[in-house]
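Asker: Let me begin by handing over the structure; questions about it come next.
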Amino acid sequence: MDIKEKLAEIEESLTGDRDNDVEFLLEKLEKLDAQDEIREAVADLIVERYVKQPLQQMEDSLKQTVEAYGKCYEKAQSLAGIGMYEEALREIDDLVRQMILVKPTIHGNRNDYYCFSEWFERDLFIEVEQSTRMVWPHTMPLTKFFTLHGSLLTALERYEEGITSLSMAVLYGPADHEARILLAEAYKRSGNPEMVRELTMKGFRYAFRNSHFTELYFTLGCYFGMMEQWDDVMACLALSKQFGGNRRKDLMFPSMHQLERHAGRRIQEPDMDQIRRSAEANGYPIGPDRSVLMLARRLGEKAYMEGRFDRARYYYGIAHELFHEEADKSVIDALSAQPVLM
């Protein structure tokens with residue numbers, strides 16, 4: 001009798017009752033010789049039928065649930081926008097806890113699946129991580145749900161729970177700027193400066209918008225404030241304002257008087273040399289890396305050659321936003337006359 005026949009004979013003994021069948025198969029495994037080939041086949045049967053299939057069914061069900069609950073997310077977001085955090089949390093809490101239970105797939109056989117908020121976020125992630133596997137957008141907006149859920153818990157001062165949800169947001173969206181900044185904020189409020197620094201420093205690797213650098217330098221400045229490194233605080237706040245921080249009404253920049261009161265001494269606005277010294281001493285970058293510019297231009301040129309002119313404008317727009325070079329502006333102007341084709 002070959003393996004298929006032996007396995008078929010075993011399957012005929014299954015009743016359809018999950019618990020009884022798993023117990024029966026496990027008993028079979030114990031009795032089979034370790035070298036018997038049928039032993040591996042029985043183990044594979046247990047994993048496939050009683051682990052993988054139920055998880056896949058749960059994940060498929062979750063996809064339908066997420067789609068059905070899209071309106072609940074919008075309602076929760078609206079409630080959060082007017083400060084009704086408890087009510088907003090009730091709208092999405094059950095759904096997010098179901099997501100945590102299921103743990104949707106990230107790593108497939110050949111592909112990885114992550115959440116991305118825009119095209120270049122995925123492009124930069126692939127460039128930074130140098131992954132040999134294909135990286136695709138996840139089928140579910142997991143990072144979006146976990147980010148809102150975690151931010152609500154943080155606003156309600158439930159920091160440990162907020163950190164759990166926001167960590168899941170970063171797990172599924174490792175290049176997502178908002179999730180990372182909010183997780184750093186939750187750690188800051190819970191009094192963990194080292195995690196604030198770690199998250200912020202890694203965030204620079206995926207930064208490609210002025211707003212990203214504004215918030216990253218501001219958050220790094222908060223870390224230095226927690227460590228009472230006041231000259232480094234000033235350097236980071238100066239860089240944050242350079243990238244538009246002074247136009248962000250939601251960033252509450254401390255006054256010079258407040259900083260001096262905390263420091264217990266006079267503090268001066270840093271010049272560029274002082275900022276460079278702070279960056280070198282603490283290992284943080286000053287502005288975006290030129291590799292981001294080259295990647296955006298390369299992708300913009302590729303999109304142009306393929307006739308996707310609006311996509312090309314998008315990539316050259318990123319290059320121009322960060323580096324303000326006339327060459328990119330000229331290309332954008334020329335592309336504006338072309339038809340839209342993403």
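The values are calculated or read from the model by the stated rules, or taken from the named source; none is laboratory data. Because the structure is predicted, anything quoted here is derived from the model rather than measured. Virtual Cβ from ideal backbone geometry, glycine too; neighbours counted across all protein chains shown.
Asker: Go through segment 185-213 and count every residue that is under 21 Å from Ile163 (Cα atoms), of a type outside the set (Lys, Arg) and either in the same structural domain as Gly264 (by TED's automatic domain parsing) or not in a loop (DSSP other than H, G, I, E, B) (or both). Can you show your working first?
Answerer: Our first condition is that a residue be under 21 Å from Ile163 (Cα atoms); within segment 185-213, this holds for 185-204, 206, 212.
Next, only the ones that are of a type outside the set (Lys, Arg) stay: 185-187, 190-196, 198-201, 203-204, 206, 212.
Checking which are either in the same structural domain as Gly264 (by TED's automatic domain parsing) or not in a loop (DSSP other than H, G, I, E, B) (or both) leaves us with 185-187, 193-196, 198-201, 203-204, 206, 212.
Residues in segment 185-213 being under 21 Å from Ile163 (Cα atoms), of a type outside the set (Lys, Arg) and either in the same structural domain as Gly264 (by TED's automatic domain parsing) or not in a loop (DSSP other than H, G, I, E, B) (or both): 15 in total.
Asker: Condition first: surrounded by fewer than 17 Cβ atoms within 10 Å (Cβ to Cβ), of a type outside the set (Lys, Arg) and under 26 Å from Ile318 (Cα atoms). Can you find one or more residues in segment 150-164 that meet it?
Answerer: No, segment 150-164 has no match at all.
Asker: What residue, among those in segment 124-164 that are in a loop (DSSP other than H, G, I, E, B) and β-branched (Val, Ile, Thr), is farthest from Arg205 (Cα to Cα)? Quick ask: steps written out before the conclusion?
Answerer: To start, the set of residues in segment 124-164 that are in a loop (DSSP other than H, G, I, E, B) comprises 130-133, 138-141, 156-158.
Keeping just the survivors that are β-branched (Val, Ile, Thr) gives 132, 139.
Working: Thr132: 19, Thr139: 25 Å.
The extreme case among them is Thr139.
Asker: Next question, about the same structure. Quick one: which of Leu216, Leu237 is part of a helix (DSSP H, G or I), at pLDDT 95 or above and surrounded by 23 or more Cβ atoms within 10 Å (Cβ to Cβ)? Before the answer, list the steps.
Answerer: Working: Leu237 fails: at pLDDT 95 or above.
Checking each option against the conditions leaves just Leu216.
Asker: List, please: which pairs have Cβ atoms under 7 Å, are six or more places apart or on different chains, and start with a residue in segment 143-163 that is closer than 20 Å to Gln98 by Cβ and end with one that is β-branched (Val, Ile, Thr)?
Answerer: Close Cβ pairs (under 7 Å, with a partner that is β-branched (Val, Ile, Thr)) amount to Phe145/Ile92; Phe145/Val96; Phe146/Val96; Leu148/Ile92; His149/Ile92; His149/Val96; Gly162/Thr154.
Asker: Does Tyr304 qualify as being of a type in the set (Ser, Thr, Tyr) and modelled with pLDDT of 95 or more? Spell out the reasoning first.
Answerer: Working: of a type in the set (Ser, Thr, Tyr): yes; modelled with pLDDT of 95 or more: no.
No: the conditions fail for Tyr304.
Asker: Return the residues of segment 137-151 that are of a type in the set (Val, Ile, Thr) and within 16 Å of Ser167 (Cβ to Cβ); say none if nothing qualifies. Give the derivation first.
Answerer: We begin by selecting, within segment 137-151, every residue of a type in the set (Val, Ile, Thr); these are 139, 143, 147.
Matches in segment 137-151: Thr143, Thr147.
Asker: Please pick out the residue among Glu198, Glu194 that is more than 15 Å from the chain's Cα centre (by Cα), modelled with pLDDT of 95 or more and among the charged types (D, E, K, R). Lay out the reasoning, then the answer.
Answerer: Working: Glu198 fails: more than 15 Å from the chain's Cα centre (by Cα).
Testing whether each residue is more than 15 Å from the chain's Cα centre (by Cα), modelled with pLDDT of 95 or more and among the charged types (D, E, K, R) leaves just Glu194.
Asker: So, one more: For segment 268-342, which helices (runs of 4 or more DSSP H) that fit wholly inside it have 2 or more residues that are touching a helix residue (DSSP H, G or I) at 6+ places or on another chain (Cβ under 7 Å), surrounded by 13 or more Cβ atoms within 10 Å (Cβ to Cβ) and among the polar types (S, T, N, Q)?
Answerer: On the way: elements: 272-282, 290-305, 309-323, 326-335.
The qualifying helices (runs of 4 or more DSSP H) are 272-282.
Asker: Among the listed residues Ser291, Ser255, which satisfies the condition of being at pLDDT 85 or above and of a type in the set (S, T, N, Q)?
Answerer: The match here is Ser291.
Asker: Among the residues of segment 108-125, write down those that are loosely packed, with under 14 Cβ neighbours inside 10 Å, touching a strand residue (DSSP E or B) at 6+ places or on another chain (Cβ under 8 Å) and not charged (D, E, K, R).
Answerer: If the condition is that a residue be loosely packed, with under 14 Cβ neighbours inside 10 Å, touching a strand residue (DSSP E or B) at 6+ places or on another chain (Cβ under 8 Å) and not charged (D, E, K, R), then Asn111 is the only one that fits.
Asker: Now for a different question. Looking at Lys144, is it surrounded by 15 or more Cβ atoms within 10 Å (Cβ to Cβ), under 30 Å from Ala319 (Cα atoms) and charged (D, E, K, R)?
Answerer: Working: surrounded by 15 or more Cβ atoms within 10 Å (Cβ to Cβ): yes; under 30 Å from Ala319 (Cα atoms): yes; charged (D, E, K, R): yes.
When the stated conditions are applied, Lys144 passes them.
Asker: What helices (runs of 4 or more DSSP H) completely inside segment 1-94 contain at least 2 residues that are modelled with pLDDT of 70 or more and either in contact with a strand residue (DSSP E or B) (Cβ under 8 Å, 6 or more places away or on another chain) or within 30 Å of Ser151 (Cβ to Cβ) (or both)? If you could, list the steps in order and put the result at the bottom.
Answerer: Numbers: elements: 3-12, 18-31, 37-47, 53-68, 70-81.
The qualifying helices (runs of 4 or more DSSP H) are 70-81.
Asker: Can you work out which of the residues in segment 257-267 that are without any contact (Cβ under 8 Å) to a residue 12 or more places away in the chain and in a helix (DSSP H, G or I) is farthest from Met227 (Cα to Cα)?
Answerer: Here the answer is His257.
Asker: Does any residue of segment 171-182 turn out to be at pLDDT 90 or above, under 30 Å from Val102 (Cα atoms), assigned to a helix (DSSP H, G or I) and of a type in the set (D, E, K, R)?
Answerer: Going through segment 171-182, the residues at pLDDT 90 or above turn out to be 171-182.
From what's left, under 30 Å from Val102 (Cα atoms): 171-182.
In the following step, the residues that additionally are assigned to a helix (DSSP H, G or I) were identified as 171-172, 177-182.
Filter again for of a type in the set (D, E, K, R), leaving 178, 180.
Looking through segment 171-182, at least one residue is at pLDDT 90 or above, under 30 Å from Val102 (Cα atoms), assigned to a helix (DSSP H, G or I) and of a type in the set (D, E, K, R).
Asker: Looking at segment 165-200, which of its residues are of a type in the set (Asp, Glu) and surrounded by 24 or more Cβ atoms within 10 Å (Cβ to Cβ)? Quick ask: steps written out before the conclusion?
Answerer: Step one: list which residues in segment 165-200 are of a type in the set (Asp, Glu), which gives 176, 178, 185, 194, 198.
Once the filter is applied, which keeps residues that are of a type in the set (Asp, Glu) and surrounded by 24 or more Cβ atoms within 10 Å (Cβ to Cβ), segment 165-200 yields only Asp176.
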